[in-house]
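J.: Take this structure first; my questions come after.
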Amino acid sequence: MFESLTEKLGQALRNLRGVGTLSEENMAEALKEVRSALLSADVHFKVAREFVERVQQQAVGQQVTKGIAPGQQVIKIIHDELVRLLGEGTTALSGERPLKVLMVGLHGSGKTTSTAKLGKLLKKRGYRPFVVACDVYRPAAIDQLEILAKQEELGFYADRVSKDVPAIGSAALAEAQAATADCIIFDTAGRLQIDQDLIEEVKRLRARVQPDEVLLVADGALGQEAVNVAKAFHDALQLTGLVLTKMDGDARGGAALSIKTITGVPIKFVGTGEKTADFEPFHPDRLASRILG
Ligand code: GDP
């Protein structure tokens, strides 16, 4: 599992050969390499620095266990700390029924697709899901959700005339109740960048429908700006979870570490493809290995 990192840290780890106790000095080179591995995985530079500092604090003074190469011990500390950080919090959704979930995020992050994916997954878990199109600016987004809802046999609500998003939210809740749905997922509008007007609109929708979960949908390839995106959404909407999308691509997923560190919000699901079945609960160990690459 640690082979690629071991390779990357090559010389730095060889320098640790024979040491009996880990110290700031003998680990410096290895930790520098770890920091650069994190940066090349798109982890925000401040987050990478903090992470390395934490590992250093933990490791300094540790006796090297007999029979283990000191370098491997350092790598294990790094990996375990990353798994711990990424895995903090629960991947489970709130247990309440009806479960109300608000999907938020930038345009193109995969919100609409993830709304349908989550509906499908919850249906498999015995829920009767209902998905709601709240992107009143893009008729194509409403059509996209309608097609996916039909395909997955999920309840669906949209209003193609009104621009009053909170009112659409209330009407959707009434429709869902009439349809005896016990899980309502709201797909909201996004922009390419943080847009205050839009965030205000989602805030009003949030206040109206009182969701149990507010999930930020974020592209796994989001780079340094992941921190600002996550902060803006979290400050305005009190996120309860993160959905990391497009992890079938080349992205190493450093955005997840940035977002997790900045918001403290647990990562709940991962999107692994364009199909509605390409969606799974989050596994911290897999992502840690990928980030350390
Ligand atoms: P939205 O604007 O946030 O609603 O984003 P969409 O749901 O429309 O997704 C934008 C594009 O990303 C679409 O072409 C989706 O098929 C694609 N997409 C979404 N999630 C994933 C994923 O996990 N993997 C891949 N490869 N593509 C995805």
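The values are calculated or read from the model by the stated rules, or taken from the named source; none is laboratory data. Values in this document were obtained by computation on a predicted structure and should not be read as measured data. Heads up, the Cβs are rebuilt from the backbone with ideal geometry, glycines too, and the neighbour counts pull from every protein chain shown.
Here is a yes/no grid of residues against (1) touching a residue at least 60 places away in the same chain (Cβ under 8 Å); (2) away from the ligand (no atom under 14 Å from the Cβ); (3) surrounded by fewer than 20 Cβ atoms within 10 Å (Cβ to Cβ); (4) not hydroxyl-bearing (Ser, Thr, Tyr):
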| site | (1), (2), (3), (4) |
| --- | --- |
| 129 | no, yes, no, yes |
| 139 | no, no, yes, yes |
| 156 | no, yes, no, yes |
| 177 | yes, yes, yes, yes |
| 183 | yes, yes, no, yes |
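J.: Residues of the range 1-25 being assigned to a helix (DSSP H, G or I) and in contact (Cβ under 8 Å) with a residue 12 or more places away in the chain, which ones?
T.: Result: 4, 5, 6, 8, 11, 12, 13, 14, 24.
J.: Quick check on my filter: what residues within the range 51-71 are touching a residue at least 24 places away in the same chain (Cβ under 8 Å), closer than 17 Å to residue 25 by Cα and in a helix (DSSP H, G or I)?
T.: Once the filter is applied, which keeps residues that are touching a residue at least 24 places away in the same chain (Cβ under 8 Å), closer than 17 Å to residue 25 by Cα and in a helix (DSSP H, G or I), the range 51-71 yields 54, 55, 56, 59, 70, 71.
J.: In addition: Residue check: is residue 116 without any contact (Cβ under 8 Å) to a residue 24 or more places away in the chain and assigned to a helix (DSSP H, G or I)?
T.: No.
J.: Among (1) away from the ligand (no atom under 14 Å from the Cβ); (2) in contact (Cβ under 8 Å) with a residue 60 or more places away in the chain; (3) small (Gly, Ala, Ser), which single condition is residue 253 missing?
T.: (1)
J.: Looking at 55, 64, 104, which one is farther than 30 Å from residue 206 by Cα and at pLDDT 90 or above?
T.: Numbers: 64 fails: at pLDDT 90 or above; 104 fails: farther than 30 Å from residue 206 by Cα.
Exactly one residue qualifies, and that residue is 55.
J.: Within the group 217, 202, 265, which residue is assigned to a strand (DSSP E or B) and under 20 Å from residue 115 (Cβ atoms)?
T.: Details: 202 fails: assigned to a strand (DSSP E or B); 265 fails: assigned to a strand (DSSP E or B).
Only one candidate passes the filter, namely 217.
J.: Out of the range 180-194, which residues are assigned to a loop (DSSP other than H, G, I, E, B), within 27 Å of residue 108 (Cβ to Cβ) and in contact with a helix residue (DSSP H, G or I) (Cβ under 9 Å, 6 or more places away or on another chain)? Steps first, answer last, please.
T.: Here is the first cut: in the range 180-194, the ones assigned to a loop (DSSP other than H, G, I, E, B) are 180-182, 188-194.
Filter once more, keeping what is within 27 Å of residue 108 (Cβ to Cβ): 188-194.
Within the range 180-194, 188, 189, 190, 191, 193, 194 qualify.
J.: Return the pairs, sorted by first residue and then second, in which the second residue is acidic (Asp, Glu) and not in a loop (DSSP other than H, G, I, E, B), the first residue lies in the range 268-289 and is free of Cβ contacts under 8 Å to residues at least 60 places away in the same chain and within 11 Å of the ligand (Cβ to nearest atom), the beta carbons are less than 7 Å apart, and the residues are 6+ apart or on different chains.
T.: Here the result reads 270/280; 272/280, each pair linking the range 268-289 to a residue that is acidic (Asp, Glu) and not in a loop (DSSP other than H, G, I, E, B).
J.: Select from the range 218-240 the residues that are within 16 Å of the ligand (Cβ to nearest atom), closer than 17 Å to residue 205 by Cβ and not aliphatic (A, V, I, L, M) and list them in ascending order.
T.: 233
J.: In the range 156-179, is there at least one residue being in a loop (DSSP other than H, G, I, E, B) and basic (Lys, Arg)?
T.: The first filter runs over the range 156-179 and keeps only residues in a loop (DSSP other than H, G, I, E, B), leaving 158-164, 179.
From the residues that got through so far, the ones that are basic (Lys, Arg) too are 160, 163.
Among the residues of the range 156-179, at least one is in a loop (DSSP other than H, G, I, E, B) and basic (Lys, Arg), which makes the answer yes.
J.: Regarding the range 190-205, can at least one residue be identified that is touching a residue at least 40 places away in the same chain (Cβ under 8 Å), small (Gly, Ala, Ser) and surrounded by fewer than 23 Cβ atoms within 10 Å (Cβ to Cβ)?
T.: Within the range 190-205, none of the residues are touching a residue at least 40 places away in the same chain (Cβ under 8 Å), small (Gly, Ala, Ser) and surrounded by fewer than 23 Cβ atoms within 10 Å (Cβ to Cβ).
J.: Please give the number of the condition residue 213 fails out of (1) away from the ligand (no atom under 15 Å from the Cβ); (2) buried (at least 24 other Cβ atoms within 10 Å of the Cβ).
T.: Result: residue 213 passes all but (2).
J.: Now a separate question. Could you check the range 26-47 and list, in sequence order, the residues that are under 17 Å from residue 253 (Cα atoms), free of Cβ contacts under 8 Å to residues at least 60 places away in the same chain and of a type in the set (D, E, K, R)?
T.: Passing the criteria: only 35.
J.: Considering only residues that are under 11 Å from the mean Cα position of the chain (by Cα) and among the polar types (S, T, N, Q), which ones fall in the range 226-243?
T.: The one that is under 11 Å from the mean Cα position of the chain (by Cα) and among the polar types (S, T, N, Q): 240.
J.: While we're here: Pull out all pairs, ordered by first then second residue, where Cβ-Cβ is under 9 Å, the residues are six or more apart or on different chains, the first lies in the range 81-101 and is in contact (Cβ under 8 Å) with a residue 60 or more places away in the chain, and the second is in a helix (DSSP H, G or I) and among the basic types (Lys, Arg).
T.: Once the first residue is in contact (Cβ under 8 Å) with a residue 60 or more places away in the chain and sits in the range 81-101, its partners that are in a helix (DSSP H, G or I) and among the basic types (Lys, Arg) give 85/54; 85/260; 86/260; 88/260; 89/260.
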